[in-house]
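The structure appears right after this line, and notes come after that.
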Amino acid sequence: MFRFSPVLNPQQRQKLDPSDDHLFYDFPRFVTHVDEGFIQRLTQLYRERLTPGGKILDLMSSWVSHLPPEMEFSEVVGHGMNQEELSRNPRLTRYFTQNLNQVQKLPLEDNYFDAVLNTVSVQYLQYPELVFQEIHRILKPGGIVIVSFSNRMFYQKAIEAWRDGTEQTRIQLVKCYLQSVPGFSKPEVIIHKNLSVNPVLALMGLGTSDPFYAVLAQKMAS
């Protein structure tokens, strides 16, 4: 199955809920899965790293893409599991649905996109090595991939390697996904943690915001 050394073993790919993902995502969820502080940091990162007028793939998207409202792109393609959510996303010029845990091959052209974005979803990929291989294929040389995540998840649908990991090992995991595919630059990691100014509340898990993690890499010219 693999044309390279896999990052995960079969056990690490397992989910607590092994039922068909289509059943889980069959009904739309018009909510955000991270807090406003995370969203603001992500939008600012996109503002700094994306090129206006470029072609964007929002992989594992939903009804919102968190792109800077003042930035225009020539095309924003959305992928996800729920058609109703994707149809409500005002930034998408077109979209398609596909279960990446069943079919990793993307119906998209080689060397087409300037950026591929993945927001708070990487933890659900059972074959991330193959998905990142596809990301590399569809990116233009010099194109960027931005994978962002926090500490939230649908626990029953996250793979074991993610569920059982720490926040630091999850960063390493995403770096390994990128490094498993020849042709990506050395991954860059961005971390923001906003702790409560009240140490007592912080110890109770209150008054804190979602931690922000992003791992970025570029497709190198061949």
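See the values below:
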quantity: Exposure ranking of F73, F113 by accessible area [1.4 Å probe, largest first]; calculated: F73, F113
quantity: Too-long pairs where the Cα-Cα distance tops 19 Å, listed order kept, from K175/K219; K15/K186; K140/K186; calculated: K15/K186
quantity: Exposed GluC sites (Glu not before Pro) absent - longest run of the chain, DSSP non-H/G/I/E/B, at most 15 other C-beta within 10 Å; calculated: 110-222
quantity: The chain - accessible surface per residue (Å², probe 1.4 Å); calculated: 48
quantity: Extent along principal axes [Cα atoms of the range 6-164; Å; largest to smallest]; calculated: 42, 32, 25
quantity: Candidates H79, H136, H22: whichever shows maximal mean-square fluctuation once the chain is modelled as a Gaussian network with Cα springs under 10 Å; calculated: H22
quantity: For the chain, built as a Gaussian network whose Cα springs stay under 10 Å, the top-fluctuating residue of S65, S180, S209; calculated: S209
quantity: Length added when fully stretched, V103-E84, from 0.36 nm per residue minus Cα-Cα; calculated: 4.8 nm
quantity: Normalised contact order of the chain, rounded percent, pairs of Cα under 8 Å and 6 or more residues apart; calculated: 22
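The values are calculated or read from the model by the stated rules, or taken from the named source; none is laboratory data. In this text, all values refer to a predicted model and were calculated from it rather than measured experimentally. Please note: Cβ atoms are built from the backbone with ideal geometry, for glycine as well, and neighbour counts cover all protein chains shown. We work out accessible area using only protein heavy atoms, side chains counted, and drop any ligands, DNA or RNA first. Shrake-Rupley method; radii C 1.70, N 1.55, O 1.52, S 1.80 Å.
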